[in-house]
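Read the structure below first, then the notes.
The values are calculated or read from the model by the stated rules, or taken from the named source; none is laboratory data. These numbers come from a predicted model, not from an experiment. Cβ atoms come from the backbone with ideal geometry, glycine included; neighbour counts cover every protein chain shown. All accessible areas refer to the heavy atoms of the entire protein, side chains included, with ligands and DNA or RNA removed. Shrake-Rupley method; radii C 1.70, N 1.55, O 1.52, S 1.80 Å.
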Amino acid sequence: MTEQITAGQFHAADDVEDWRSLYHVVSAHFRTGSLAKGIALVDEIGRLAGGAEQEYLSVDLRSAGVTVSLGRRDIALARRISAAAKELDIPADPTAVQLVNVTLDVLVGADVLPFWRALLGYREIGDDYLFDPLRRGPGFGLQQMNAARPQRNRMHLDVAVPHDQAEARISAALAAGGHLVSDAHAPMWWVLADAEGNEACVATWVGRE
């Protein structure tokens, strides 16, 4: 499948229950329990991906597990990776994936984007988003303001979580001393804040497309 598809279409497909949509990618985490089993899975992913360039493919290998991200259209590859993990007796844990972005409120994005691109050593997607080409750091986005809001923090975190984990994550944050600022855009995102008013958003794909 090569055409672009929506997150809803991805999740409606068969045999993708290991994967969760996080903004523009789908991710899965496999609990290997050892570096040796993780390497075996990564070797298999490399074989399955073949020589063709995969625009969004990223693999994060740690001693306890492997996290894989793909483009939403890569359904066939997602299925093959899940099958390979199952063959290696490596379970998937869909609750363990997330994607973190840092978002900055700006009045004129064109005036500040070059600074952050140079400072972070990131690359640009469009005119309001930067990403780490080595996939080590969080994404960095600009959010347009109509007027200065000195009473509000200019920078906040956006945390994309699996759609079926959002309520649990929000409940945990509220129980830890946070409060709900707004759920006007839920289930696309909720705005939360800590005890001192520092804001963060919990986001899902639901309602976006």
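For ILE90, the requirement of being open to solvent by 70 Å² or more (accessible area, probe 1.4 Å) and over 21 Å from the mean Cα position of the chain (by Cα) is not met. A search for C-beta distances below 6 Å between a residue of the stretch 141-156 that is among the acidic types (Asp, Glu) and any residue that is in a loop (DSSP other than H, G, I, E, B), counting only pairs 6+ apart in sequence or on different chains, returns nothing.
Each row is one residue, and each column tells you yes or no for (1) touching a Lys or Arg at 6+ places or on another chain (Cβ under 6 Å); (2) among the aromatic types (Phe, Trp, Tyr); (3) outside any helix (DSSP H, G or I).
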residue: GLU17; (1), (2), (3): no, no, yes
residue: SER21; (1), (2), (3): no, no, yes
residue: VAL26; (1), (2), (3): yes, no, yes
residue: HIS29; (1), (2), (3): no, no, yes
residue: THR32; (1), (2), (3): no, no, yes
residue: ILE39; (1), (2), (3): no, no, no
residue: VAL42; (1), (2), (3): no, no, no
residue: ARG47; (1), (2), (3): no, no, no
residue: TYR56; (1), (2), (3): no, yes, yes
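Residues that are more than 16 Å from GLN98 (Cβ to Cβ) and open to solvent by 30 Å² or more (accessible area, probe 1.4 Å) within the stretch 189-209 comprise ASP194, ALA195, GLU196, GLY197, ASN198, GLU199, GLY207, ARG208, GLU209, listed in sequence order. Does ARG79 meet the test of being among the charged types (D, E, K, R), closer than 27 Å to GLY141 by Cβ and open to solvent by 60 Å² or more (accessible area, probe 1.4 Å)? Considered against the rule, which asks whether it is among the charged types (D, E, K, R), closer than 27 Å to GLY141 by Cβ and open to solvent by 60 Å² or more (accessible area, probe 1.4 Å), ARG79 comes out as no. Among the residues making up the stretch 173-188, those that are open to solvent by less than 60 Å² (accessible area, probe 1.4 Å) and either at positive phi or assigned to a helix (DSSP H, G or I) (or both) are ALA173, GLY177.
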